[in-house]
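Asker: Before I ask anything, let me first share the structure, which is written out below as structure tokens.
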């Protein structure tokens with residue numbers, strides 16, 4: 001479904017991605033694991049061209065991705081995205097936020113006048129039902145909790161009826177229980193609808209739990225590729241350089257704390273000692 | 001430093017020069033103010049000498065001629081009508097252009113600079129001067145006043161609209177682009193919902209300003225209550241002038257009250 005060859009991305013003098021080769025199969029739930037700043041987001045953004053690759057080729061569903069306006073629109077209609085900060089429009093109703101997922105597929109001028117094809121409204125409601133928010137459809141989105149907002153984000157992505165969903169740290173701002181719920185909705189939808197999912201995570205235990213396959217990224221390179229059971233301490237060291245066994249256990253125990261809290265945890269341990 | 005039971009807390013100057021830069025800044029500031037006072041002939045002795053004359057004019061104005069109120073109803077209404085259409089036209093002129101003047105939406109730097117400067121020019125010319133030009137173009141009456149407010153207001157609103165667009169959360173915009181939405185769709189569903197309250201507040205403020213400006217536009221023949229004000233002064237009918245001033249003050253106060261109430265109501269999160 002996705003074929004990436006020799007992908008590099010440079011920001012000024014900084015190499016965010018240093019030659020990525022990656023294949024993602026149809027219907028697969030792939031987790032990209034790595035610390036903040038490893039290049040996970042850049043990788044996703046290159047796939048849907050929110051960032052222009054410096055070099056390398058990306059094939060989506062057998063077609064080479066290009067940057068001209070027409071191919072861009074076609075590509076983005078097929079590839080949906082879910083964001084860490086949800087990126088829902090706060091003042092729009094939940095239903096309208098989900099409907100924005102259909103914008104690329106409907107007549108522009110009528111949508112400017114807030115006129116939507118009935119079939120698209122039906123699709124949006126169906127997607128809201130999948131994340132069990134149909135009773136909130138009329139509410140303004142800024143009245144929802146973080147987890148609910150992300151479910152709206154998932155519904156918006158599903159409303160695109162995409163072949164691929166890119167999820168960029170979808171649960172990084174949520175507590176552990178909500179995180180599981182949100183990731184479950186995502187996994188369920190991808191299984192039932194056969195959507196390929198590429199999901200960035202920095203929490204090791206979620207990666208093990210949800211990833212059918214895991215790709216470890218560190219400093220702009222792929223340093224691991226394999227199943228969740230192959231994610232050993234040795235492998236984690238390659239993905240998170242400088243991470244000792246203690247921190248690995250801490251991360252496993254308090255997944256949301258993860259990388260941000262690691263220095264604090266280390267300090268606490270020092271104080272205890 | 002301790003003064004009695006008080007402690008003076010002043011941030012100590014950093015850098016090698018100690019207090020020198022601060023003292024120098026103070027000296028320069030005083031020098032500039034003295035220079036400006038000489039140029040503007042600021043003179044408190046003149047003011048004191050003039051006080052009796054101000055008292056004289058006031059005594060000729062008071063009490064206001066309340067009978068004159070009858071004749072002011074129509075010009076006052078006309079002033080509101082001028083302000084209303086001046087504001088509406090300036091919104092219509094500013095909205096299509098402001099997206100090009102926002103750094104996060106503009107297609108390129110040339111367009112950005114051009115639209116910014118366009119707003120600067122229209123905003124830079126005072127309403128009275130614009131009104132003089134439009135009176136010459138379309139003749140005496142309220143319509144040149146409307147045009148003057150529209151052109152000046154478009155510059156001011158365009159700048160504020162563009163700046164509020166620059167302050168929005170980019171996340172939803174990126175999300176809409178990622179769904180394959182077009183540029184206009186992105187603006188309608190991603191930008192407008194985020195700026196609408198700020199825009200309404202600015203437009204209300206602009207209406208209030210326009211009402212104030214419309215009261216003086218009549219001085220150059222562009223309609224409204226200012227025309228009556230200047231007329232009464234020319235005829236030395238100072239009691240009538242006082243009535244005009246009272247009406248103007250009342251209108252401005254009502255406009256200020258209503259628009260500030262509306263603004264706070266909207267910002268508290270009335271449904272958009």
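Values in this text are rule-based calculations from the coordinates and carry no lab data. Please read all numbers here as calculations on a predicted model, not as lab measurements. Every residue, glycine as well, gets a Cβ built from its backbone with ideal geometry; the counts of neighbours run over all protein chains shown.
Asker: Which angle between 0 and 90 degrees, to the nearest 10, do you get for helix A:258-272 versus the longest principal axis of chain A when only C-alpha atoms count?
Answerer: Value to nearest ten degrees: 30.
Asker: For n ≥ 4 DSSP H runs only, could you compute -39500 (n - 2.57) per run for chain B, divide by its residues and tell me the 222 nm figure to the nearest 500?
Answerer: -25000 deg cm²/dmol
Asker: Something else: Looking at chain B as a GNM with Cα springs under 10 Å, which of B:231, B:190, B:180 has the largest mean-square fluctuation?
Answerer: B:180
Asker: Let me ask something else. Would you please classify the overall shape of the stretch A:1-109 from the alpha carbon gyration tensor, given that a ≥ b ≥ c denote the square roots of the eigenvalues, rounded means a/c under 1.5, and beyond that prolate means a/b larger than b/c while oblate covers the rest?
Answerer: prolate
Asker: Gain in length, residue A:71 to residue A:145, computed as 0.36 nm per residue apart minus the alpha-carbon separation, to one decimal in nm?
Answerer: Between residue A:71 and residue A:145, full extension yields an extra 23.1 nm.
Asker: Restricting the calculation to Cα positions, tell me the Rg (one decimal) and the Dmax (whole number) of the stretch A:88-133 in Å.
Answerer: Both quantities, over Cα of the stretch A:88-133: 10.4, 31 Å.
Asker: Which whole number gives the average, over all residues in B:168-175, of C-beta atoms from other chains lying within 10 Å of the residue C-beta?
Answerer: For peptide B:168-175, the averaged partner shielding equals 6.
Asker: Give me the number: length gained by fully extending residue A:177 to residue A:36, i.e. 0.36 nm times residue separation minus the C-alpha to C-alpha distance, one decimal in nm.
Answerer: So the extension gain works out to 48.6 nm.
Asker: Say R0 is 41 Å: what FRET efficiency, to the nearest 0.05, do residue A:234 and residue A:52 get from their beta-carbon distance?
Answerer: With R0 = 41 Å, the Cβ-Cβ based efficiency is 0.70.
Asker: Give me the distance in nm between label points sitting 7 Å out from Cα along the Cα-to-Cβ direction at residue A:219 and residue A:14, one decimal.
Answerer: In this crude label model, residue A:219 to residue A:14 measures out at 1.6 nm.
Asker: May I pose another question? Using only the Cα atoms of the stretch A:103-197, what are the Rg and Dmax in Å?
Answerer: That works out to 13.9, 42 Å for Rg and Dmax.
Asker: With a Förster radius of 60 Å, plug the Cβ-Cβ distance of residue B:35 and residue B:69 into 1/(1 + (r/R0)^6) and report the FRET value to the nearest 0.05.
Answerer: In this case the efficiency is close to 0.80.
Asker: Taking Cα atoms, how many degrees apart are the long axis of helix A:118-130 and the longest axis of chain A, rounded to 10 and kept between 0 and 90?
Answerer: Helix A:118-130 sits roughly 30 degrees off the main axis of chain A.
Asker: Going by the alpha-carbon gyration tensor, a ≥ b ≥ c the square roots of its eigenvalues, is the protein assembly as shown rounded (a/c under 1.5) or, if a/c is not under 1.5, prolate (a/b greater than b/c) versus oblate?
Answerer: Judged from the Cα gyration tensor, the protein assembly as shown comes out prolate (a/c at least 1.5, a/b above b/c).
Asker: For chain B, modelled as a GNM with alpha-carbon contacts under 10 angstrom, which of B:129, B:92, B:54 fluctuates the most?
Answerer: B:54
Asker: Continuing with the same structure: Give the distance, in whole Å, between the Cα centre of the stretch B:218-272 and the Cα centre of the stretch B:148-194.
Answerer: The distance from the Cα centre of the stretch B:218-272 to that of the stretch B:148-194 comes to 32 Å.
Asker: Using Cα-Cα distances under 8 Å and only pairs 6 or more residues apart, what relative contact order does chain B have, in percent?
Answerer: 24 percent.
Asker: Let me make sure I get this right: for chain B, a, b and c are the square roots of the gyration tensor eigenvalues over alpha carbons, sorted descending. Under 1.5 in a/c it's rounded, otherwise prolate if a/b > b/c, else oblate. Which is it?
Answerer: oblate
Asker: Under a crude label model (7 Å from the Cα following the beta-carbon direction), how far is residue A:191 from residue B:27 in nanometres?
Answerer: My value for the distance between the label points is 8.1 nm.
Asker: What FRET efficiency do you get for residue B:117 and residue A:23 if R0 is 56 Å and r is their Cβ-Cβ distance, rounded to the nearest 0.05?
Answerer: 0.60
Asker: Something else now. Express the relative contact order of chain A as a whole percentage, based on alpha carbon pairs under 8 Å and six or more residues apart in sequence.
Answerer: 25
Asker: So for the pair residue B:92, residue B:170, with labels modelled 7 Å out along Cα→Cβ, what separation do we get in nm?
Answerer: In this crude label model, residue B:92 to residue B:170 measures out at 3.6 nm.
Asker: Same structure again: P(r) for the stretch A:128-169: what percent of alpha-carbon pairs falls in each 5 Å bin, starting at zero?
Answerer: 6, 22, 33, 22, 12, 5, 0
Asker: Compute a Gaussian network model of chain B, connecting alpha carbons closer than 10 Å, and tell me which residue from B:156, B:219, B:253 fluctuates the most.
Answerer: Looking only at B:156, B:219, B:253, the largest GNM fluctuation is found for B:253.
Asker: A further question on this structure: Report the gain in length on full extension from residue B:126 to residue B:233: 0.36 nm times residue separation, minus Cα-Cα distance, nm rounded to one decimal.
Answerer: 36.2 nm
Asker: Please list A:86-99, A:139-152 highest first by mean number of surrounding beta-carbon atoms within 10 Å per residue.
Answerer: Going from most to least packed, we get A:86-99, A:139-152.
Asker: With the alpha-carbon atoms as the only input, what is the per residue convex hull volume for chain A in Å³?
Answerer: 141
Asker: So, one more: Ignoring everything except DSSP H segments at least 4 long, calculate the 222 nm mean residue ellipticity for chain A; use -39,500 (n - 2.57) per segment, divide by total residues, nearest 500.
Answerer: Taking each H run of at least 4 residues, the total per residue is -12000 deg cm²/dmol.
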